[in-house]
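Here's the structure, in structure tokens; my notes come after.
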Amino acid sequence: PSAGVGAFVDAVLENRPDADIMAFEKDLMTGKILKHLHPGQKVRVQGFEKIEKPFMNHFDLAVSNIPFGDVAVFDPDFSGSKDPARLSAARTIHNYFFLKSLDAVREGGIVAFITSQGVLNSTKTSVRNELFSQANLVSAIRLPNNLFTDNAGTEVGSDLIVLQKNLSKKEMSQDERLMTVIQTDTKTDLTDNAYFIHHPERIV
């Protein structure tokens, strides 16, 4: 999802040349470049919300540097849902990408996204509770704010979050519970996701 010109596609193919890839890119010009650079792959120049039901519970891996912001996505599965987490996710594109990608990977599949700190630092916890009710935390790393300065000309706080789908999960781990909490650090007086307050070694 949100493949850009295919940096992650290239990385996957370097390690698994036989990989069967489906890439979504909504921007028309970027999508045309992606198609040209990867003629042998299923490149779809359209929004990720257009993915069809046969591709739910299908993929081994969803990997991307996903879009972020208070941008709503029209997906009837979300906007018509009675689940408050899915309703909330439809209003913020980064949360939508996480939940939709968990829908798309098979049981045991991996979702590995670089995203804004807004996913873990939001005071609204329903989406994180939903994430960790259906996936295990594999890793979370807070990245430097200047990581994308050279390529994107922006300074934004980013996190790398890696999850593994687990629909038979009974309860959250201690670290997953920390991830659902926003806390003020008594040493710095900064409000942050409790996971990073308890695990400063996970901050680059």
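Brief remarks follow.
- Fluctuation leader among Ala11, Ala135, Ala194 - the chain, Gaussian network, Cα springs under 10 angstrom: Ala11
- Rolling a 1.4 Å probe over the heavy atoms of the protein chains gives the chain an accessible area of 54 Å² per residue.
- Relative contact order (percent, whole number), segment 64-137, Cα cutoff 8 Å, 6+ residue spacing: 34
- Segment 49-129 shape via C-alpha gyration tensor axes, a/c threshold 1.5: oblate
- A 1.4 Å probe, protein heavy atoms only, puts the accessible area of Asp103 near 30 Å².
- Shape of segment 152-204, Cα gyration tensor, a/c cut at 1.5: oblate
- Loop-located GluC sites (Glu not before Pro) across segment 43-141 with a Cβ neighbour count of 10 or fewer within 10 Å are Glu52, with loop assigned by DSSP.
- Efficiency of FRET from Cβ geometry, Ile33 and Ser173, R₀ 25 Å, rounded to 0.05: 0.05
- Three-way shape call for segment 59-100 based on the alpha-carbon gyration tensor, with the a/c threshold at 1.5: oblate
- Distance between the 7 Å Cα→Cβ label points at Arg202 and Asp20: 3.4 nm.
The values are calculated or read from the model by the stated rules, or taken from the named source; none is laboratory data. Just so we're clear, the structure is a prediction, and the values are computed from it rather than from any experiment. Counting neighbours? That spans all protein chains shown, and the Cβs are built from the backbone with ideal geometry, glycine included. Keep in mind that these areas ignore ligands, DNA and RNA; they rest on the heavy atoms of the full protein, side chains included. Shrake-Rupley method; radii C 1.70, N 1.55, O 1.52, S 1.80 Å.
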